[in-house]
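Below is one structure, written out as structure tokens; the observations come after it.
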Amino acid sequence: MRRIEAGSYYSYLTEGCRLCRKGSKLVFFITGECRHSCFYCPISEEKRGKDVVYANEREVNSRDDVLKEMELMSAEGVAITGGEPFLKLDRLIDYLKLFRELGMHTHIYTATIPEKRELIKVLELVDEVRFHPVHLNKVINLEEAIKISKDYVEVGIEIPAIRFEPEIVEIVNRFEIFLNLNELEFSSTNYNELVKRGYSVGEFYGDEGSRKIAEKYAEAVERFHFCTSLFKDKAQFRRRLIRMAMNHPEFYDVTEDGTLICGLIEGDKDYVKKLLGRHGQGYVEVDRGIETSAQFVEKEGENLKAMGLKVSIVERYPTWKRIVVEVLPL
């Protein structure tokens, strides 16, 4: 086993997981609809059961939204999830063709067993398929889909650490596929159900029993990867933020966590833009005002306020939602 960041470790790591670790995989949520009601599902209320599409945090209404998000993060691959992607097969195929044209490494999660014809349509356009046996039951039913998929792409099973299941070990080793085990993660939508079943919150919203379950799988499975909730935040998400932040104009200061620090000037936007132009200062227009260099705002703060403008230093995320972490008025 090789240990990596935040308690994660592996004996086998797919290309899809390597790109996730770099923060270079776009998370493409293709629909919130699903036939199953898994008690451990962490999907948010805004997505659960709804036919919505998201590229990372950006709601998707057209291909352009996806392309903009890919450009923002310099994406090298796409992870397709849901809901259940196969419930929207035409949409899935359409976007898979786009990702293939763009040269993206693509992997897909599915908790269904598609018909052979539908499965092959997808396999011809992806690089990895990750099957999820609902509640870790009836794993034997995946055999035919695994056999078909192995002729096209890399195949694995991906599950949360809700229990140790010998049947999963047997089928993973027999077919020489990989097992990705995710730390069981608490969310606002699954918390009550998890507590009712005896799970308890450990480090960073993960179930405190997940690591012991991971150790059992690690001893038994040949191609194994354990991914913690903390790893998803501190490694994958943080690195994605840094990639996004570095694609912003140079006047933004990038923190080690991938957030942006800038100056915000509120007031007559046309006046502010002319003023910044005279100073040769770069800027970005946002809803609240004009973002520019934090150093410029700190240096010229008193002069700007004397002109009737409101100035502050802002720390925010580089994502499409532009969530503000902190505002320091000057």
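The values are calculated or read from the model by the stated rules, or taken from the named source; none is laboratory data. The structure presented is a predicted model; accordingly, all values stated were derived computationally and were not measured. Here the Cβ positions follow ideal geometry from the backbone for every residue, glycine too, while neighbour counts run over all protein chains shown.
Computed quantities for the displayed model
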quantity: Some residue of the stretch 236-246 being basic (K, R) and either part of a loop (DSSP other than H, G, I, E, B) or over 30 Å from Y12 (Cα atoms) (or both); calculated: no
quantity: Positions within the stretch 257-275 being under 12 Å from L330 (Cα atoms) and out of contact with any Leu (no Cβ under 9 Å at 6 or more places or on another chain), in sequence order; calculated: L264
quantity: The stretch 109-138, residues that are touching a Ser or Thr at 6+ places or on another chain (Cβ under 8 Å) and not in a loop (DSSP other than H, G, I, E, B); calculated: Y109, L119, L123, E128, V129, R130, F131
quantity: Considering residues of the stretch 46-71 that are among the acidic types (D, E) and in a loop (DSSP other than H, G, I, E, B) only, the residue modelled with the highest pLDDT; calculated: D51
quantity: Failed item, numbered, when K138 is tested on (1) at pLDDT below 95; (2) within 25 Å of the chain's Cα centre (by Cα); calculated: (2)
quantity: Output for the stretch 286-316, where each listed residue is β-branched (V, I, T) and in contact with a His (Cβ under 8 Å, 6 or more places away or on another chain); calculated: none
quantity: Subset tally (residues that are surrounded by 14 or more Cβ atoms within 10 Å (Cβ to Cβ) and of a type outside the set (S, T, Y)) for the stretch 280-294; calculated: 8
quantity: Residues being modelled with pLDDT of 95 or more and either at positive phi or touching a Ser or Thr at 6+ places or on another chain (Cβ under 9 Å) (or both) - total across the stretch 309-322; calculated: 4
quantity: Positions within the stretch 276-290 being within 20 Å of P329 (Cα to Cα) and in contact (Cβ under 8 Å) with a residue 12 or more places away in the chain, in sequence order; calculated: L276, Y283, V284, E285, V286, R288, G289, I290
quantity: Residue identified as in a loop (DSSP other than H, G, I, E, B), within 16 Å of the chain's Cα centre (by Cα) and of a type in the set (V, I, T) among I80, I43; calculated: I43
quantity: Subset of the stretch 80-103 that is crowded, with 22+ Cβ neighbours inside 10 Å and among the aliphatic types (A, V, I, L, M) - its residue that is farthest from V122 (Cα to Cα); calculated: I80
quantity: Per-region count, the stretch 34-65, residues in contact (Cβ under 8 Å) with a residue 40 or more places away in the chain and surrounded by 16 or more Cβ atoms within 10 Å (Cβ to Cβ); calculated: 9
quantity: A75 surrounded by 21 or more Cβ atoms within 10 Å (Cβ to Cβ) and without any contact (Cβ under 8 Å) to a residue 40 or more places away in the chain; calculated: no
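Results for (1) at pLDDT 95 or above; (2) surrounded by fewer than 20 Cβ atoms within 10 Å (Cβ to Cβ); (3) within 26 Å of K25 (Cα to Cα), shown as yes or no for each residue.
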position: H105; (1), (2), (3): yes, no, yes
position: L125; (1), (2), (3): yes, yes, yes
position: V129; (1), (2), (3): yes, no, yes
position: E143; (1), (2), (3): yes, yes, no
position: E158; (1), (2), (3): yes, no, yes
position: F164; (1), (2), (3): yes, yes, no
position: F175; (1), (2), (3): yes, yes, no
position: L184; (1), (2), (3): yes, no, yes
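Condition check ((1) surrounded by 15 or more Cβ atoms within 10 Å (Cβ to Cβ); (2) farther than 27 Å from S74 by Cβ; (3) under 29 Å from the mean Cα position of the chain (by Cα)) across all residues:
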position: T255; (1), (2), (3): no, no, yes
position: R278; (1), (2), (3): no, yes, no
position: E300; (1), (2), (3): yes, yes, no
position: A306; (1), (2), (3): no, yes, no
position: S312; (1), (2), (3): yes, yes, no
